1. Based on what the data block shows, is residue 58 at negative phi and out of contact with any strand residue (DSSP E or B) (no Cβ under 8 Å at 6 or more places or on another chain)?
2. Tell me, please, whether a residue that is free of Cβ contacts under 8 Å to residues at least 60 places away in the same chain, in a helix (DSSP H, G or I), away from the ligand (no atom under 16 Å from the Cβ) and under 30 Å from residue 4 (Cα atoms) can be found in the range 61-76.
3. Looking at the range 1-35, which of its residues are at positive phi and in a strand (DSSP E or B)?
Ligand SMILES: [Zn+2]
């Protein structure tokens, strides 16, 4: 994905990982398991592939407009600190 140095710390050591990415837009969410990212081994900053973010966004709006169906729905608890 990348072949340059980390913007934050300048390290050139990256590790590929898969994370759970939570896309949010105006109070609507799409959780994307196994999103491939690159993580700087030195400072831990996470780099997302622009094409993948674009695809996530496309799917988010497709699901929002009922053009595509999500794999499943999950319930998320909310609890205020106040
Ligand atoms: Zn770094």
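1. yes
2. Scanning the range 61-76, I find no residue that is free of Cβ contacts under 8 Å to residues at least 60 places away in the same chain, in a helix (DSSP H, G or I), away from the ligand (no atom under 16 Å from the Cβ) and under 30 Å from residue 4 (Cα atoms), so the answer is no.
3. Answer for the range 1-35, where residues must be at positive phi and in a strand (DSSP E or B): just 34.
A short reminder: the numbers here are calculations on the coordinates, not readings from a lab. Since this is a predicted model, take the numbers as computed values, not measurements. Ideal geometry is used to build each Cβ from the backbone, glycine not excepted, and the neighbour counts take in all protein chains shown.
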